[in-house]
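Enquirer: Sending over a structure as structure tokens; questions will come in a sec.
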Amino acid sequence: MSSIKIECVLPENCQCGESPVWEEASNSLLFVDIPAKKVCRWDSLTKQVQRVTVDAPVSSVALRQSGDYVATIGTKFCALNWKEQSAVVLATVDNDKKNNRFNDGKVDPAGRYFAANRRSVYKLEKEEQIPDGMCIDAEGKLWVACYNGGRVIRLDPVTGKRLHTVKLPVDKTTSCCFGGKNYSEMYVTCARDGMDPEGLLRQPEAGGIFKITGLGVKGIAPYSYAG
């Protein structure tokens, strides 16, 4: 991993970027900006970004086998019609709990869309800060973005051993996924929410989308919601 390259491919200035998902059919990266209530799609070929604004904080987005996407918006599972820039509610949970929302969501190999209000916390070294979004590579190893740690780390999920650390030029790294040709690139989202003017001067790319190449490992295609 000596030839690792890190670049900010999209200075999006997300308040809290999350849930990166690679869409191979369009060579695009999907991601959300949770408090801005936006689902975004960045075309890696044209470098253009499209955005759909929804009516509540949106915590995750996923591919759908029948086309378009699904997302967790507030406490709702929704189907996204990208062309019409609209969302249709599929299911709602926790109607009786005020100020509640989904925190994250992923599709499993069976095509089921899982979301939770709280995520599991892994025990990491002190300097890693808060473990956040994660993905798995083709070798079955786990990659975790460390919020306030400014890094993604590779772990052996069986032994818990840390295998590699990649530092980024921003502190609030939130999530990661593999994408690009043969899923040989890693994309990392991050946040800028809560940073003071001095911090933003030190980290002007905070809230951007980063691409990491030269990791020497590949990822796997994301699963699509079967509903």
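The values are calculated or read from the model by the stated rules, or taken from the named source; none is laboratory data. Bear in mind that the values here come from a model prediction, so they are computed numbers and not experimental data. Every residue, glycine among them, receives a Cβ derived from its backbone with ideal geometry; neighbour counts consider all protein chains shown. Note: areas computed on protein heavy atoms with side chains; ligands, DNA, RNA excluded. Shrake-Rupley method; radii C 1.70, N 1.55, O 1.52, S 1.80 Å.
Enquirer: Are there any pairs with C-beta distances below 8 angstrom linking a residue in the range 133-155 that is on the phi > 0 side of the Ramachandran plot to a residue that is open to solvent by 10 Å² or more (accessible area, probe 1.4 Å) and assigned to a strand (DSSP E or B), with the two at least 6 apart or on different chains, and if so which?
Expert: Sorted first by the residue in the range 133-155, then by its partner, the pairs are Asn148/Ile130; Asn148/Lys172; Gly150/Lys167; Gly150/Lys172.
Enquirer: So in the range 177-190, with the set limited to residues that are touching a residue at least 24 places away in the same chain (Cβ under 8 Å), surrounded by fewer than 24 Cβ atoms within 10 Å (Cβ to Cβ) and not hydroxyl-bearing (Ser, Thr, Tyr), which one is farthest from Arg202 (Cα to Cα)?
Expert: Asn182
Enquirer: Could you tell me how many of the residues in the range 2-15 are of a type in the set (A, V, I, L, M, F, W, C), open to solvent by 30 Å² or more (accessible area, probe 1.4 Å) and touching a strand residue (DSSP E or B) at 6+ places or on another chain (Cβ under 6 Å)?
Expert: 3
Enquirer: Now for a separate question. Can you confirm whether Val58 is modelled with pLDDT under 90 and either closer than 29 Å to Ile212 by Cβ or under 18 Å from the mean Cα position of the chain (by Cα) (or both)?
Expert: no
Enquirer: Take the conditions open to solvent by 40 Å² or more (accessible area, probe 1.4 Å) and closer than 18 Å to Asp132 by Cβ and apply them to Gln50. Does it pass?
Expert: Considered against the rule, which asks whether it is open to solvent by 40 Å² or more (accessible area, probe 1.4 Å) and closer than 18 Å to Asp132 by Cβ, Gln50 comes out as no.
Enquirer: If you check every pair at least six apart or on different chains, which have Cβ atoms under 9 Å apart with a residue in the range 6-23 that is closer than 20 Å to Ala62 by Cα and small (Gly, Ala, Ser) first and a residue that is modelled with pLDDT of 95 or more and outside any strand (DSSP E or B) second?
Expert: So the pair list comes out as Gly17/Ile34; Gly17/Arg192; Gly17/Gly207; Gly17/Gly208; Ser19/Ile34.
Enquirer: Now, a different point. Can you give me the ranges of the strands (runs of 3 or more DSSP E) entirely in the range 102-165 with at least 2 residues that are at pLDDT below 95?
Expert: 104-107, 113-116, 130-136
Enquirer: When you scan the range 22-41, do you find a residue that is under 17 Å from Cys190 (Cα atoms) and more than 16 Å from the chain's Cα centre (by Cα), even just one?
Expert: no
Enquirer: Quick one: is Phe210 closer than 18 Å to Ile34 by Cβ, open to solvent by less than 50 Å² (accessible area, probe 1.4 Å) and either at pLDDT 95 or above or under 15 Å from the mean Cα position of the chain (by Cα) (or both)?
Expert: yes
Enquirer: Please list, ordered by residue number, the strands (runs of 3 or more DSSP E) wholly in the range 166-227 having 1 or more residues that are of a type in the set (D, E, K, R) and within 19 Å of Cys146 (Cα to Cα).
Expert: 185-190, 209-213
Enquirer: Go through (1) surrounded by fewer than 20 Cβ atoms within 10 Å (Cβ to Cβ); (2) farther than 24 Å from Tyr183 by Cα and name the single condition Lys76 misses.
Expert: The one condition Lys76 does not meet is (1).
Enquirer: On the basis of being open to solvent by 30 Å² or more (accessible area, probe 1.4 Å), more than 15 Å from the chain's Cα centre (by Cα), in contact (Cβ under 8 Å) with a residue 40 or more places away in the chain and closer than 30 Å to Pro35 by Cα, does Asp171 make the cut?
Expert: The answer is no for Asp171.
Enquirer: Of all residues being among the basic types (Lys, Arg) and more than 23 Å from the chain's Cα centre (by Cα) in the range 91-101, which is modelled with the highest pLDDT? Just the residue, please.
Expert: Lys98
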